[in-house]
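This report refers to the structure that appears directly beneath it.
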Amino acid sequence: MTQGRLIAVVGPSGVGKDSVMTALAQARPGIRLARRVITRPATAGGEAFDSVTFDDFATRAAAGEFVLHWRAHGLRYGIPRSVEVDLEAGHDVVANLSRAVLGTARARISRVVVIQLSAPAEVLAERLAARGRESAEDIAARLRRADFALPAGIAAWAVDNSGPLDQTVARLLALLDQDDSPRTGTRKDRAET
């Protein structure tokens with residue numbers, strides 16, 4: 001049996017990563033969603049995640065319970081080792097990752113596909129304001145970090161997510177079906193060129 005792919009979704013805050021991931025899993029039942037563990041209050045809303053304290057997170061990380069973990073925006077994020085079971089069973093697993101952990105993901109998991117979502121700054125600002133989790137200052141800070149490069153040696157499919165969600169999902173499914181994951185550089189979504 002072929003091992004499944006970790007489909008790493010990256011992009012700036014407000015680009016719609018969680019919406020795209022959920023829609024991918026709904027469109028293709030064989031795709032599993034990685035449920036992140038985050039040191040964010042459970043009442044924060046947004047994605048479905050497991051809320052833990054900083055101390056609990058540190059204990060779990062030290063015990064090796066995460067295949068990947070990182071810090072961002074004053075929080076800790078982790079992907080549980082349970083995703084390895086799905087990957088070994090041949091299921092693709094989609095996960096919202098930080099670009100900073102992509103190299104580690106490639107080193108630990110044999111099949112990784114990176115999807116880099118983007119949208120214009122005005123779309124990002126509207127989406128961030130609508131979710132109601134950040135102050136105006138926090139939104140401004142996130143927008144300043146919106147135009148980012150991937151780490152050296154990490155290739156990705158670059159897909160604009162400023163249009164209808166169903167169009168983005170259709171493009172991504174077509175790319176995933178081709179199974180010719182980008183190996184070097186950023187590859188533009190073929191549907192956009």
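Within region 153-193, can you find the residues that are aliphatic (A, V, I, L, M), over 17 Å from the mean Cα position of the chain (by Cα) and at pLDDT 85 or above?
Correct list: ALA170, ALA174.
Quick one: which of ARG40, ARG99, ARG60 is at pLDDT 95 or above, touching a Phe, Trp or Tyr at 6+ places or on another chain (Cβ under 8 Å), basic (Lys, Arg) and surrounded by 15 or more Cβ atoms within 10 Å (Cβ to Cβ)?
Details: ARG40 fails: at pLDDT 95 or above; ARG99 fails: at pLDDT 95 or above.
None of the others qualify; the one that does is ARG60.
Of everything in region 112-134, what is of a type in the set (A, V, I, L, M) and closer than 13 Å to VAL20 by Cβ? Give them in sequence order. First the steps, then the outcome.
Here is the first cut: in region 112-134, the residues of a type in the set (A, V, I, L, M) are 112-115, 117, 119, 121, 123-125, 128-130.
Listed by number, the residues that qualify are ILE115, LEU117, ALA119.
Against the definition (out of contact with any His (no Cβ under 7 Å at 6 or more places or on another chain), modelled with pLDDT of 75 or more and assigned to a helix (DSSP H, G or I)), how does ARG142 come out, yes or no?
Spelling it out, it is not the case that ARG142 is out of contact with any His (no Cβ under 7 Å at 6 or more places or on another chain), modelled with pLDDT of 75 or more and assigned to a helix (DSSP H, G or I).
Read through the list (1) part of a helix (DSSP H, G or I); (2) touching a residue at least 24 places away in the same chain (Cβ under 8 Å); (3) out of contact with any helix residue (DSSP H, G or I) (no Cβ under 9 Å at 6 or more places or on another chain); (4) of a type outside the set (Gly, Ala, Ser), then give the number of the only condition that ARG40 fails.
(1)
Out of everything in region 74-92 that is touching a residue at least 40 places away in the same chain (Cβ under 8 Å) and under 18 Å from GLY11 (Cβ atoms), what residue ends up being surrounded by the fewest Cβ atoms within 10 Å (Cβ to Cβ)?
This residue is TYR77.
Is it the case that ASP56 is in a helix (DSSP H, G or I), farther than 30 Å from ARG171 by Cα and of a type in the set (Asp, Glu)?
So ASP56 fits the description; yes.
Return the residue satisfying two criteria in turn: it lies in region 106-124 and is buried (at least 18 other Cβ atoms within 10 Å of the Cβ) and assigned to a helix (DSSP H, G or I), and of such residues it is farthest from the chain's Cα centre (by Cα).
Checked region 106-124; the qualifying residue farthest from the chain's Cα centre (by Cα) is LEU124.
For GLY14, state whether it is loosely packed, with under 14 Cβ neighbours inside 10 Å, in a loop (DSSP other than H, G, I, E, B) and either out of contact with any Asp or Glu (no Cβ under 7 Å at 6 or more places or on another chain) or modelled with pLDDT under 90 (or both). Quick ask: steps written out before the conclusion?
Working: loosely packed, with under 14 Cβ neighbours inside 10 Å: no; in a loop (DSSP other than H, G, I, E, B): yes; either out of contact with any Asp or Glu (no Cβ under 7 Å at 6 or more places or on another chain) or modelled with pLDDT under 90 (or both): yes.
So GLY14 fails the test.
So for region 131-138 (the condition being buried (at least 17 other Cβ atoms within 10 Å of the Cβ) and of a type outside the set (Lys, Arg)), does at least one residue qualify?
No, that holds for no residue.
Restricting the search to region 75-99, which residues are within 17 Å of MET21 (Cα to Cα), of a type outside the set (S, T, N, Q) and in a loop (DSSP other than H, G, I, E, B)?
HIS91, ASP92, LEU97
The values are calculated or read from the model by the stated rules, or taken from the named source; none is laboratory data. Since the structure is predicted, the reported quantities are computational estimates derived from the model, not experimental observations. For neighbour counting, all protein chains shown are included, and Cβ atoms are generated from backbone atoms with ideal geometry for every residue, glycine included.
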